[in-house]
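Data block below; observations after.
The values are calculated or read from the model by the stated rules, or taken from the named source; none is laboratory data. Not measured: the values here are computed from a predicted model. Cβ placement follows ideal geometry from the backbone for every residue including glycine, while neighbour counts extend to all protein chains displayed.
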Amino acid sequence: MSVFSDFLARLHRVLDALVDAGDLPGEMDRSRLTMELPRDRSHGDLSTNAAMVLAKAAGAKPRDLAEKIAAGLRADDDVEAVDVAGPGFINLTLTLAFWHRTLAEILAKGGDYARPHVSDGEPVNVEYVSANPTGPLHVGHCRGAVIGDALANVLAFAGYDVTREYYINDAGAQVDTLGRSAFLRYREALGEDIGAIPEGLYPGDYLQPIGASLAAEHGDALLSQPETEWLPIARDAAIDGMMAMVRDDLAALAISHDVFFSERSLIAGPQNRVEDAIDVLRKAGLIYQGRLEPPKGQVPDDWEDREQTLFRSTEFGDDSDRPLLKSDGSYTYFANDIAYHFDKFQRGFAKMIDVWGADHGGYVKRMTAAVTAMTGGNGRLDIELCQLVKLFRGGEPVRMSKRAGDFVTLRDVIEEVGCDPVRFMMLYRKSDAPLDFDFKKVTEQSKDNPVFYVQYAHARAHSVFRQAREAFPDDDVVVAANDTPDLGKLNDPAERALIKSLAEVPAVMGQAAQHREPHRVAYYLYQLASEFHALWNRGKDLPQLRFINVDDRDLTIARLALVRGTSVVLRTGLDVLGVSAPKTM
């Protein structure tokens, strides 16, 4: 239990006592009560809005009610002071002994202290990356991949039963184009001079190994076949090759998926699951034949004024009803996506999360409408949009990749700076905010490089343990710091502040899970690292504040316990983000 939820529960007990005493009515909506950090940390350790939220229902002035609540809170042995501020905020300062017990709890529970209780194993499907298998992953895919993976980690840490899924878009015209591009490389592998890659085909040299593989397996036999025969062979080989490349690239970023779901499987098997999904909507009266109004503004070239099979998505918050069949009778991408998400629901996922690029923002309303309609309101789809990543090197834009020809691949980025900087920096901004990624800055060893600063804090903590063993060669003070240290010696304000920051971690993890915002963890770790580095630096100028004091064993042990607690929280947070926690740097 976090400090915040602990004292929110104590607040409710105070309110219950006021109800029993007749000072408050029994029926009050307490759902909006909060216990959080004060906006100004000098005002105390915790702050609650209880008086302002309940004043109207209580028929009292907020400040008058605040004083009654404050009186009840002051009776708590763990509360040092309670102040009423402004229109009725109640600020609490907790005792030093309480913070010492909190540190002892962190040491006893280890990484589990940070674990919030958000879910009791509710299944959730997190789908991320899901790039078309037509080429290597690029830096745009990179951000969604990291955010999706870290979000899955956060949710699992908070108690959800998480399935990580990749949707392979292996149906439609783009994979036929991929097959034709691979066939061209097949001809090249057989010795033909193919010249410049024709317009409309994929030009990257990443298809050369697939062409060579086709040549090794089939010789020149495909050359004499009509396209209807060689295209499925080349297409399947290209998809398999591209997905193998995708898996390798994701593995280099420490990402793996539990499920790779084929779009073609929706219609290729004995059961047409797209038609089945449409039938579900039809039986619910949500499918009709009709005409759509032309889009507002400039009408696109492919718009057709014709009668179509339409889904009533406007009944579920969309801006327009949506077509399910193209003019040639084939399904729209939207129809396939409906069937895919209905398949997720049938697999037991009432809670679904998709991580998409920001360029798919216009698709959100129709997809969430479809899931609501398809599941009768029993399924929920949340969509996280990731804004663009701009690459720089020393402030200069980076645009091209030698390997792909017209974009920077994910592998290019990882090979230049490493997995950890990529993962941490992709998470250091909220997903819907644009991100500038500078190759030079993310490898600097400075406070301005967040990933270095956080990892260095963890390594510095372990360097303190090594120095302690050297300072006390005949007495393992590090082991003593893990057992039953006398934490009462930690009375410096900076030490108290660091313990308070450590105690925030379960709330940070819980908020990251509930709001689907893993960047909260990255930002918290940077702030925690900053406090730890500041405390270490104070010891350089003030010897009495150093972690190791050879003349005071008990004080050294207490401070080593604080360092241990810091290292545990840093490592736990980095683990959740999928970033390593080095002991030396």
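If you go through the range 458-497 and keep only what is under 22 Å from His100 (Cα atoms) and among the small types (Gly, Ala, Ser), you end up with Ala461, Ala468, Ala480, Ala481, Gly488, Ala494, Ala497.
Selection within the range 16-45: residues that are of a type in the set (A, V, I, L, M) and touching a helix residue (DSSP H, G or I) at 6+ places or on another chain (Cβ under 7 Å). The member of this set that is nearest to Ile69 (Cα to Cα) is Leu18. Of the strands (runs of 3 or more DSSP E) lying entirely inside the range 359-448, those carrying at least 3 residues that are at pLDDT 95 or above are 380-386. Exactly one residue out of His100, His138 is more than 30 Å from Leu178 (Cβ to Cβ), in contact with a Leu (Cβ under 9 Å, 6 or more places away or on another chain) and not hydroxyl-bearing (Ser, Thr, Tyr), and it is His100.
Condition check for Tyr113 on (1) assigned by TED's automatic domain parsing to the domain that holds Glu227; (2) farther than 30 Å from Leu388 by Cβ; (3) part of a helix (DSSP H, G or I): one failure, at (1).
Exactly one residue out of Asp76, Asp40, Asp112 is buried (at least 18 other Cβ atoms within 10 Å of the Cβ), among the charged types (D, E, K, R) and within 30 Å of Ala558 (Cα to Cα), and it is Asp76. Cβ-Cβ distances below 8 Å connect the following pairs, each with a first residue in the range 176-191 that is touching a residue at least 12 places away in the same chain (Cβ under 8 Å), a second residue that is among the polar types (S, T, N, Q) and outside any helix (DSSP H, G or I), and a separation of six or more residues or different chains: Thr177/Thr134; Leu178/Thr134. Here Ala51 meets the list (1) surrounded by 15 or more Cβ atoms within 10 Å (Cβ to Cβ); (2) part of a loop (DSSP other than H, G, I, E, B) almost entirely, failing just condition (2). Could you please let me know if Asp486 is touching a residue at least 24 places away in the same chain (Cβ under 8 Å) and acidic (Asp, Glu)? For Asp486, the condition - touching a residue at least 24 places away in the same chain (Cβ under 8 Å) and acidic (Asp, Glu) - is met. Residues that are touching a strand residue (DSSP E or B) at 6+ places or on another chain (Cβ under 6 Å) and in contact (Cβ under 8 Å) with a residue 60 or more places away in the chain were ranked within the range 411-463; the one that is surrounded by the fewest Cβ atoms within 10 Å (Cβ to Cβ) is Asp432.
Among residues of the range 338-360 that are over 22 Å from Ala513 (Cα atoms), those with a Cβ under 7 angstrom from a residue that is among the basic types (Lys, Arg) and at pLDDT below 95, sequence gap 6+ or separate chain, pair up as Ala339/Arg273; Asp343/Arg273.
Per-residue answers, yes or no, for (1) surrounded by 19 or more Cβ atoms within 10 Å (Cβ to Cβ); (2) more than 14 Å from Leu103 (Cβ to Cβ):
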{"position": "Val505", "(1), (2)": "yes, no"}
{"position": "Met509", "(1), (2)": "yes, yes"}
{"position": "Ala513", "(1), (2)": "yes, yes"}
{"position": "Phe547", "(1), (2)": "yes, yes"}
{"position": "Asp554", "(1), (2)": "no, yes"}
{"position": "Ser567", "(1), (2)": "yes, no"}
{"position": "Asp575", "(1), (2)": "no, yes"}
{"position": "Val579", "(1), (2)": "yes, yes"}
{"position": "Pro582", "(1), (2)": "no, yes"}
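Does any residue of the range 207-219 turn out to be surrounded by fewer than 23 Cβ atoms within 10 Å (Cβ to Cβ), within 29 Å of Val398 (Cα to Cα) and either within 19 Å of the chain's Cα centre (by Cα) or not charged (D, E, K, R) (or both)? Within the range 207-219, one or more residues are surrounded by fewer than 23 Cβ atoms within 10 Å (Cβ to Cβ), within 29 Å of Val398 (Cα to Cα) and either within 19 Å of the chain's Cα centre (by Cα) or not charged (D, E, K, R) (or both).
Note on the range 145-174: among residues that are at pLDDT below 95 and part of a helix (DSSP H, G or I), the one that is surrounded by the most Cβ atoms within 10 Å (Cβ to Cβ) is Gln174. Only residues that are surrounded by 13 or more Cβ atoms within 10 Å (Cβ to Cβ) and over 18 Å from Ile239 (Cα atoms) were counted in the range 195-206, giving 1. When Glu192 is tested against (1) farther than 30 Å from Asp420 by Cβ; (2) of a type outside the set (A, V, I, L, M); (3) buried (at least 20 other Cβ atoms within 10 Å of the Cβ), just one condition goes unmet, and that condition is (3). Scanning the range 122-181 for residues that are at positive phi and within 14 Å of the chain's Cα centre (by Cα) yields a single hit, Val129.
For the subset of the range 349-363 comprising residues that are crowded, with 17+ Cβ neighbours inside 10 Å and not aromatic (Phe, Trp, Tyr), which member is farthest from Glu384 (Cα to Cα)? Checking each candidate, the answer is Lys351.
Listed here are the residues, each with its yes/no results for (1) closer than 22 Å to Lys500 by Cα; (2) under 36 Å from the mean Cα position of the chain (by Cα); (3) among the aliphatic types (A, V, I, L, M).
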position: Ser5; (1), (2), (3): yes, yes, no
position: Leu18; (1), (2), (3): no, no, yes
position: Gly26; (1), (2), (3): no, no, no
position: Arg32; (1), (2), (3): no, yes, no
position: Ser47; (1), (2), (3): yes, yes, no
position: Gly72; (1), (2), (3): no, no, no
position: Asp78; (1), (2), (3): yes, yes, no
position: Ala81; (1), (2), (3): yes, no, yes
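Considering the range 102-157, the residues that are of a type in the set (Lys, Arg) and touching a residue at least 60 places away in the same chain (Cβ under 8 Å) include one that is farthest from Ile499 (Cα to Cα), namely Arg143. Listed by first and then second residue, the pairs linking a residue in the range 1-26 that is closer than 24 Å to Gly159 by Cα and touching a residue at least 60 places away in the same chain (Cβ under 8 Å) to a residue that is part of a helix (DSSP H, G or I) and of a type in the set (A, V, I, L, M), with Cβ atoms under 6 Å apart and 6 or more places separating them unless they lie on different chains, are Ser2/Ala507; Val3/Ala503; Phe4/Ala507. A single entry from Val280, Val274 fulfils the requirement of being within 30 Å of Asp236 (Cβ to Cβ) and among the hydrophobic types (A, V, I, L, M, F, W, C): Val274. Could you tell me whether the range 507-525 includes any residue that is of a type in the set (D, E, K, R), assigned to a helix (DSSP H, G or I), modelled with pLDDT under 95 and on the phi < 0 side of the Ramachandran plot? For the range 507-525, residues of a type in the set (D, E, K, R), assigned to a helix (DSSP H, G or I), modelled with pLDDT under 95 and on the phi < 0 side of the Ramachandran plot: absent.
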